Amino acid sequence: MNTQALRFFRCGQVVTLSGVATNRTLLDLLREDLHCSGTKEGCGEGDCGACTVVVGEEKQGKLELKAINSCIRLAHSIDGMALWTVEDLKNHPAQEAMVECHGSQCGFCTPGFVMSLFALYESRASGPISRLQAQGALSGNLCRCTGYRPILDAAQAMQDLPAMRVDQDAVLAGLRQLAKPERQQANTAIAAPDASYLSPKTLKDLLSLRAQHPQAQLVAGCTDVGLWVTKMHMQFARILDLTRVKELRRVEQYKHHIAIGAAVKLTDAFAALVADRPQLASFAHRFAGLPVRNSGTLGGNVANGSPIGDSMPLLIALGANVVLMSARGHRELKLEDLYTGYRKNVMAKGEVLAWIKVPRAAPQEFSRVYKISKRLEDDISAVCLALNLHITDGMVARASIGVGGVAATPVRAIKTQAALLGQPWNPATVQAAAQVLRAEFSPISDMRASAAYRSEVLGNLLQRYWLESQGAANSSLETLVLEGDAA
């Protein structure tokens with residue numbers, strides 16, 4: 001089958017590569033084909049950040065730069081984008097600050113840290129970089145020898161060095177050159193019906209291609225499918241990438257709900273949710289690391305259906321629906337009804353998950369989401385519990401609870417909701433409901449937590465939710481780290 005020519009903008013010029021294999025990762029392309037060995041191969045699963053590079057796209061007439069993991073990103077997915085690797089920086093303030101602050105010892109992780117700092121430096125509008133901003137930018141980078149204090153020092157010190165900004169006008173001109181219609185017509189492999197990497201630009205084309213190729217592997221950021229390639233050595237005869245579909249890259253605001261397209265990056269999807277419910281900011285920060293959020297999409301996380309996918313318990317508690325579309329039409333259902341078993345769902349051949357519709361916050365609701373994991377950042381949940389209760393005149397008028405990490409799929413705590421609904425909101429009700437919640441599921445024991453721990457902590461989190469509803473201050477480690485370092 002044909003593979004389209006891969007084209008991207010780098011170092012002031014358009015780079016065109018032919019014959020790039022459909023399943024080739026961006027990291028392999030850089031190291032083996034382009035001999036850019038500064039980008040390191042570490043974990044191969046988007047955890048350590050040694051492979052971090054920066055990609056750029058035009059958004060509302062401006063250049064938007066994002067740090068991503070190249071190890072799990074398929075090479076063809078950056079077609080039409082701008083790309084920076086550590087070799088392209090040439091004495092950038094991020095590099096100089098790392099040297100001045102002694103932020104490197106063995107140096108293996110350093111290029112990844114520098115690329116994350118480069119993205120932070122180029123993306124900040126104005127003003128000083130806070131410790132909290134630096135932590136957020138580096139949440140997807142791990143260091144084993146230097147420790148983080150000198151690296152965080154470098155993040156703050158680079159703002160005082162002579163400015164060396166990217167020439168946005170030049171990069172935007174390059175991106176627009178890549179996007180010219182004549183280029184699309186000339187590159188016939190893009191539209192070829194037998195192409196092995198399909199990247200439609202419109203929803204109509206996506207649905208048509210999905211109908212033609214129902215067995216094609218859908219990708220939307222590659223943060224999970226990339227692992228299948230690097231860790232399970234899976235190969236796909238044909239890939240259908242939906243991240244360029246313009247209709248699905250939008251967040252649409254309505255009176256009663258927010259509609260998030262399946263191709264919206266997690267960074268932007270959580271920003272929309274946090275704008276409506278500010279209390280979700282800490283949870284959004286803890287979802288994976290920043291490079292993963294910059295690549296992955298909310299639609300991909302939901303469609304994946306992992307029992308430990310963090311977005312689904314939250315969306316279940318908020319009462320989200322999903323819209324499935326095909327060339328035959330569309331249908332809408334509750335998010336929890338999407339799943340039929342472990343990583344299985346009700347989507348028919350030819351269907352794609354197109355939209356997630358999230359009800360807006362109501363004045364009477366009290367919503368919280370709790371993630372329990374061994375690391376604060378860049379880690380998988382042992383348990384995730386999301387609660388959204390409406391308390392009216394001291395009574396539970398509405399209860400909606402989503403849970404992750406306790407069953408084969410993300411689930412709704414139906415029995416616990418029933419135990420709360422219509423009851424007075426007091427310690428006795430909470431204690432009784434906590435016992436129901438502990439007994440409602442039959443979790444397993446694994447490397448992240450034992451079954452007994454998972455059951456016990458669910459009840460404990462409901463009690464924490466009660467205390468917070470009564471105005472108790474949250475003095476957890478999460479608060480100390482995320483708020484204590486804000487200064």
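The values are calculated or read from the model by the stated rules, or taken from the named source; none is laboratory data. In this text the structure is predicted, and so the values were computed from the model without any measurement. Backbone-built Cβ (ideal geometry, glycine too); neighbour counts: all protein chains shown.
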Would you be able to tell me the number of residues in segment 380-397 that are assigned to a loop (DSSP other than H, G, I, E, B) and of a type in the set (Val, Ile, Thr)?
1
Quick one: in segment 437-454, of everything that is of a type in the set (A, V, I, L, M, F, W, C) and more than 16 Å from Arg375 (Cα to Cα), which residue is surrounded by the fewest Cβ atoms within 10 Å (Cβ to Cβ)?
Ala452
Give the residue that is surrounded by the fewest Cβ atoms within 10 Å (Cβ to Cβ), with candidates limited to residues of segment 207-264 that are among the small types (Gly, Ala, Ser) and assigned to a loop (DSSP other than H, G, I, E, B).
Ala237
Quick check: is even one residue across segment 221-230 among the charged types (D, E, K, R) and modelled with pLDDT of 95 or more?
no
Some residue of segment 180-196 being surrounded by fewer than 19 Cβ atoms within 10 Å (Cβ to Cβ) and at pLDDT 90 or above:
no
Before we move on, is Glu377 acidic (Asp, Glu), outside any strand (DSSP E or B) and not assigned by TED's automatic domain parsing to the domain that holds Leu298?
yes
Hey, could you check segment 398-428 for residues that are touching a Gly at 6+ places or on another chain (Cβ under 7 Å) and assigned to a loop (DSSP other than H, G, I, E, B) and say which is surrounded by the most Cβ atoms within 10 Å (Cβ to Cβ)?
Pro410
When the residues of segment 97-120 are filtered to those that are within 19 Å of Val292 (Cα to Cα) and not aliphatic (A, V, I, L, M), which remaining residue is surrounded by the most Cβ atoms within 10 Å (Cβ to Cβ)?
Gly112
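A quick yes/no check of all residues on (1) under 30 Å from Arg149 (Cβ atoms); (2) more than 18 Å from the chain's Cα centre (by Cα); (3) crowded, with 18+ Cβ neighbours inside 10 Å; (4) not assigned by TED's automatic domain parsing to the domain that holds Pro291:
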{"site": "Thr16", "(1), (2), (3), (4)": "no, yes, no, yes"}
{"site": "Leu29", "(1), (2), (3), (4)": "no, yes, yes, yes"}
{"site": "Val54", "(1), (2), (3), (4)": "yes, no, yes, yes"}
{"site": "Gln95", "(1), (2), (3), (4)": "yes, yes, yes, yes"}
Select, from Leu290, Leu338, the only residue that is assigned by TED's automatic domain parsing to the domain that holds Asp224, closer than 30 Å to Gln212 by Cβ, surrounded by 18 or more Cβ atoms within 10 Å (Cβ to Cβ) and of a type outside the set (Gly, Ala, Ser).
Leu338
Those residues of segment 8-29 which are under 21 Å from Tyr197 (Cα atoms) and assigned to a loop (DSSP other than H, G, I, E, B) amount to Ser18, Gly19, Val20, Ala21, Thr22, Asn23, Arg24
Would you call Ala288 among the hydrophobic types (A, V, I, L, M, F, W, C) and more than 30 Å from Leu117 (Cβ to Cβ)?
no
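Each row is one residue, and each column tells you yes or no for (1) under 19 Å from the mean Cα position of the chain (by Cα); (2) in contact (Cβ under 8 Å) with a residue 40 or more places away in the chain; (3) under 22 Å from Leu467 (Cα atoms).
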residue: Leu290; (1), (2), (3): yes, yes, no
residue: Pro313; (1), (2), (3): yes, yes, yes
residue: Lys334; (1), (2), (3): no, no, no
residue: Tyr370; (1), (2), (3): yes, yes, yes
residue: Ser381; (1), (2), (3): yes, yes, no
Criterion: under 27 Å from Glu45 (Cβ atoms), at pLDDT 95 or above and not aliphatic (A, V, I, L, M) - qualifying residue of Gly289, Gly341
Gly341
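Check whether at least one residue in segment 273-282 is in a helix (DSSP H, G or I), closer than 27 Å to Gln135 by Cα, of a type in the set (Val, Ile, Thr) and assigned by TED's automatic domain parsing to the domain that holds Gly305, and report yes or no.
Yes, segment 273-282 contains a residue that is in a helix (DSSP H, G or I), closer than 27 Å to Gln135 by Cα, of a type in the set (Val, Ile, Thr) and assigned by TED's automatic domain parsing to the domain that holds Gly305.
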Restricted to segment 139-156, and to residues that are more than 17 Å from His92 (Cα to Cα) and of a type in the set (A, V, I, L, M, F, W, C), which residue is surrounded by the most Cβ atoms within 10 Å (Cβ to Cβ)?
Cys143
